[in-house]
């Protein structure tokens, strides 16, 4: 058999670039990104199928310190469980940076018995390549990875080389998903994530962490999708911020979301957004389950 396939968990601390790397590796936008840590809340499988391989990348929430709310506990459990049953791991760290959350991620990885490629991201921000040598030496003393791979996630030659390195460790077996699958998540799920991404990018301070999105209507009407989504916040004051002065903020979020959703669905979209207060949803396990955090 000349075909290779398997699950590849992409792990690391929050905001280290995991989702960006996965989007570049599969060649399309699937996992949401923003400059904020803890943007990713769920485990998402992003699937790249070619003639000789199928790589199933597992995008995980960042392993972070502290379980202040039920949702934080959910994300940490999701991240931890995601690395327990995969064929290999890409561990992402940032060049010249090491935090307590990197240390926490390393503690989890020392218990795993699968190949691990240590990817040192954002090397494009270094002045010279020699800058990174002491950092790599120190990291090598902490953890013995199967491979160390410096990269910039946005450089095509880096991601191409990383794919070849992954094939060195990917098992020989038949494809695990149909060749036309790009994710095991539903279209409704991806659409809700795109809307949440625009909320994360447009709203300031802590507000994005008190938000979630639920799709209420998802209908194909001829050649157009008619989608209605409800944005849940925790306080009445937050609802006002999301809507904005004369509805301007909500309109902007809707317009940006619609463009991303149309790119994903490859059809025109009519999108309606509503904002509703649901107090304490992020610290209520029953509410979390009802909103898809199960």
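Please treat every number below as a calculation from the coordinates, not as lab data. All values derive from a computational prediction rather than experimental measurement. Note that we place each Cβ from the backbone using ideal geometry, even for glycine, and neighbour counts take in every protein chain shown.
How many nm is it between the label spots at residue 52 and residue 128, if each spot is 7 Å from the Cα in line with the beta carbon?
3.8
Would you mind telling me which residue in 70, 192, 95 has the biggest mean-square fluctuation in a Gaussian network model of the chain, where springs connect alpha carbons within a distance under 10 angstrom?
Evaluated over the chain, the most mobile residue of the options is 70.
Taking neighbour counts of Cβ atoms within 10 Å as a proxy for exposure, in what order, fewest first, do 16, 58 appear?
Least to most surrounded, the residues fall as 58, 16.
Round to a whole angstrom and tell me the spacing of the C-alpha centers of the range 116-173 and the range 211-234.
39
Quick one: which of 2-9, 131-138, 237-244 comes out on top by average Cβ neighbours within 10 Å, and what's the full order, highest first?
Values: 2-9: 19.0, 131-138: 12.5, 237-244: 16.1.
Going by the mean number of other Cβ atoms within 10 Å, highest first, we get 2-9, 237-244, 131-138.
Percent antiparallel among DSSP beta bridges with both residues in the chain, to the nearest 5?
Details: 17 of 48 bridges.
Within the chain, antiparallel bridges account for around 35 percent of the total.
How big is the equivalent ellipsoid of the range 117-233 along its three axes, where each semi-axis is √(5λ) from the Cα gyration tensor, reported in whole Å from largest to smallest?
Taking √(5λ) for each eigenvalue gives 38, 24, 13 Å, largest first.
Do the sum for the chain: with -39,500 (n - 2.57) for every DSSP H run of n ≥ 4, divided by all residues, what is the mean residue ellipticity at 222 nm, to the nearest 500 deg cm²/dmol?
Value at 222 nm, helices only: -10500 deg cm²/dmol.
Mind sorting out which of (1) 38; (2) 53; (3) 48 is the real percent of Cα pairs over 29 Å apart computed from the coordinates?
Only one listed value fits the structure, namely (1).
Give me P(r) over the range 4-167, computed from all C-alpha to C-alpha distances, binned every 10 Å, as integer percentages.
Result returned by the calculation: 10, 43, 37, 10, 0.
Quick check: the angle from helix 100-109's long axis to the longest principal axis of the chain, C-alpha only, nearest 10 degrees?
Its long axis makes an angle of about 70 degrees.
Taking 8 Å as the Cα distance limit and 6 or more residues as the minimum spacing, I'd like the relative contact order of the chain as a percentage.
Taking the mean separation of contacting Cα pairs over the length of the chain, I get 19 percent.
Which of these, 23, 283, 146, has the largest mean-square fluctuation under a Gaussian network model of the chain (Cα springs below 10 Å)?
For the chain, modelled as a Gaussian network with Cα springs under 10 Å, the answer is 146.
Taking the number of other C-beta atoms within 10 Å as the exposure measure, put 198, 69 in order starting with the fewest.
Lowest to highest Cβ neighbour count: 69, 198.
Figure the gain on full extension for residue 177 and residue 276 (residue separation times 0.36 nm, minus the Cα-Cα span) and round it to one decimal in nm.
Values: separation 99, 0.36 × 99 = 35.64 nm, distance 3.72 nm.
Between residue 177 and residue 276, full extension yields 31.9 nm more.
In Å³ and rounded to a whole number, note down the convex hull volume per residue for the Cα atoms of the range 187-290. Kindly include the intermediate steps, with their values, before the conclusion.
Values: hull volume 9.3 nm³, N = 104.
Dividing the Cα hull volume of the range 187-290 by its residues yields 89 Å³.
Compare 26, 44, 112 in a GNM of the chain, Cα atoms joined below 10 Å, and give the one with the largest fluctuation.
Residue with maximal mean-square fluctuation among 26, 44, 112: 112.
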